[in-house]
1. Hey, among Val266, Val273, which residue is within 24 Å of Lys322 (Cα to Cα), of a type in the set (A, V, I, L, M, F, W, C), touching a residue at least 12 places away in the same chain (Cβ under 8 Å) and surrounded by 20 or more Cβ atoms within 10 Å (Cβ to Cβ)?
2. How many residues does segment 151-173 hold that are buried (at least 24 other Cβ atoms within 10 Å of the Cβ) and either in a loop (DSSP other than H, G, I, E, B) or without any contact (Cβ under 8 Å) to a residue 24 or more places away in the chain (or both)?
3. Name the residues in segment 234-247 that are modelled with pLDDT of 95 or more and either surrounded by fewer than 24 Cβ atoms within 10 Å (Cβ to Cβ) or more than 21 Å from Arg328 (Cα to Cα) (or both), would you?
4. Looking only at segment 289-300, decide whether some residue is modelled with pLDDT of 95 or more, assigned to a strand (DSSP E or B) and under 17 Å from the mean Cα position of the chain (by Cα).
5. Does Val222 satisfy the criteria of being modelled with pLDDT under 95 and either assigned to a helix (DSSP H, G or I) or among the charged types (D, E, K, R) (or both)?
6. Considering only residues of segment 1-52 that are among the hydroxyl-bearing types (Ser, Thr, Tyr) and within 30 Å of Met113 (Cβ to Cβ), which is modelled with the lowest pLDDT?
7. If only one of Tyr116, Tyr97 is aromatic (Phe, Trp, Tyr) and either under 13 Å from the mean Cα position of the chain (by Cα) or buried (at least 19 other Cβ atoms within 10 Å of the Cβ) (or both), which one is it?
8. Scan segment 189-210 for residues that are crowded, with 18+ Cβ neighbours inside 10 Å and acidic (Asp, Glu) and jot them down.
Amino acid sequence: MRYPTIKEIASIAGVSANTVSRALRGESGVSQETTAKIRKIAGQIGYERNVLASHLRTRQNRTVGVIIIDNSNPFYAEVLKGIEAGCKLRGYQILIYNTQGDHAKEEQAIRLMFSYRARGIIIDPIPNCGESHVRLLKEKDFPFVLASHYCKDIQANWVGYDDHEVGRTLGELLISKGHSKILFFGGYPGDSTYDDRFEGFCAALRAHGLEPRPENIVNFQVDGDMAYRKMKLLVASPRRFTAIMAYNDIAALAALKAIKEEGLRVPHDIALVGVDDIAMTDLVEPGLTTMHLPKQQAGQVAAELLIDCIENHPPERRIVLKPRLVLRGSV
């Protein structure tokens, strides 16, 4: 594909290439009439500014990298909206890479951001295996912000949620509804989000003289298909639980489908709660009780924190956003 150039605009307008460049950037020294003429010609011939060339020329690259685990997950879609909004407000653009939970792809993503001379990175590291890549960023003294997941042994900028409060609040809710046999469904130990939610859940149980039952802790890498298959097996076998706390809404919605297919009713036979408050949680029947996480706010705060790191080099910060219980019909 051939792209129109500044020289072509200059030839058509009868001015110098320098005048065209200044007019397109909105700089002074070019009359309004000439600027309007140049911009009209640029639009007519389909000129698009070469941002990469401009960055190389001016050494003013205003691109930041965003590395996430799965952009098909509605949770990340909302976070990305916030990141994009926060960067746009500060005059930055984003380059997104989806790792799909693959350790090698995460390293490839970081190297790609280096090669594009990104000014910094917002990264949600892969649980249980992303620590080495976070250490790489630390060693290079490269500006970065962790989003959602964090590494327990590495001090770094982080924006996330009070997941201990998430687990405690949902545990207390289910106990208040008369449940003592509660299934903790999804996620893996070692994942900072899982560990904090599980610890909060256990704290709620113990406050009422209960202990988590090993047979009611089901760990797995959460995706909709896996959660659905796991729940089909659980509800088809002799049940040891009357309520479910799902690791996130994806797992909860898949569980809801499996439960209903087995002829059981939510919440009459099994109560169900999730985490995230993604868009479809109020579209199912019954609506899913969940913890709302301020996803767009988290993205925007992460963007602002990263840009502050790039421009001002402040001390490292951890920013914890508060969750909020959303009661619907599933409990």
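1. Val273
2. Going through segment 151-173 one residue at a time, the tally reaches 0.
3. Of everything in segment 234-247, those that are modelled with pLDDT of 95 or more and either surrounded by fewer than 24 Cβ atoms within 10 Å (Cβ to Cβ) or more than 21 Å from Arg328 (Cα to Cα) (or both) turn out to be Leu234, Phe241, Thr242.
4. yes
5. The answer is no for Val222.
6. Tyr3
7. Tyr97
8. Within segment 189-210, Asp191, Asp195, Asp196 qualify.
The values are calculated or read from the model by the stated rules, or taken from the named source; none is laboratory data. Please read these numbers as outputs of a predicted model, since none were measured by experiment. All Cβ positions, glycine included, derive from the backbone under ideal geometry; neighbour counts span all protein chains shown.
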